[in-house]
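To start, the structure itself, in structure tokens.
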Amino acid sequence: GLGIEFTCTADGSKLSFLSPAELYSLFGNMLDNAIEATHRLDDQAKRVITLGVRENAGLITVHEENYFRGSVALVDGTPQSTKNDPLNHGYGFHSMRAIVEKHGGVIKCTTGNEVFCLDIAIPIS
């Protein structure tokens, strides 16, 4: 295995308004990116991915965080390509954003102290 610790606290019933394809795309892209960033770390203690889904003040919130090495360029909360194929990279994030915005929500990324955070907030309809 990749030796990654995954902690998930999620009430999946809160996401029932998303189609199976939307769920797969949203969390598949999110976790693919986190695994890619995390498995490269030399420090085993930092090979950790945390994911939480909860309801808070009329919003469904999703928070994912993981350690990373190097730098992530963010423009208005959107990660910029670090791969050799900038045309196709970033597609995952853009498809995530399209799903979130279709449901009236917002998505943004932040970084600090080698920790990457992805936050999503979608109003409960």
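Worth pointing out:
- For residue 53, the solvent-accessible surface computed with a 1.4 Å probe is close to 10 Å², ligands and nucleic acids excluded.
- Cβ-derived FRET efficiency at R0 41 Å, residue 4 paired with residue 124, nearest 0.05: 0.85
- The 3J(HN,Hα) values that the Karplus relation (6.51, -1.76, 1.60; θ = phi - 60°) gives for segment 39-48 are, in residue order, 5, 7, 6, 6, 7, 4, 5, 9, 7, 9 Hz. Gly and Pro appear as x.
- Listed residues 27, 93 arranged by accessible area, highest first, probe 1.4 Å: 27, 93
- Cα-based equivalent ellipsoid, the chain: semi-axes from gyration tensor eigenvalues, Å: 24, 17, 13
- Helix axis angle, 20-38 relative to the chain longest principal axis, alpha carbon, degrees: 20 degrees
- When 47, 54 are compared by accessible surface with a 1.4 Å probe, the order from highest to lowest is 54, 47.
- Probing with 1.4 Å while keeping every protein chain in the model, the per residue accessible area of the chain equals 59 Å².
- Around the Cα centre of the chain, unit charges on the Cβ atoms of Lys, Arg, Asp and Glu (plus for the first two, minus for the last two) sum to a dipole of about 100 debye.
- Rolled with a 1.4 Å probe across the full set of protein chains, the surface gives residue 69 an accessible area near 130 Å².
- Accessible surface ranking for 125, 16, 25, 1.4 angstrom probe, highest first: 125, 16, 25.
- Helix 91-102 and the longest principal axis of the Cα set of the chain meet at an angle near 20°.
- Across the accessible surface of the chain, with the other protein chains kept in place and a 1.4 Å probe, carbon and sulfur atoms take up 53 percent.
The values are calculated or read from the model by the stated rules, or taken from the named source; none is laboratory data. Given the structure is predicted, the values throughout are model-derived calculations rather than measurements. Positions of Cβ are backbone-derived with ideal geometry, glycine not excepted, and every protein chain shown enters the neighbour counts. Just so you know, the surface numbers come from the protein's heavy atoms only, side chains and all, with ligands and any DNA or RNA stripped out. Shrake-Rupley method; radii C 1.70, N 1.55, O 1.52, S 1.80 Å.
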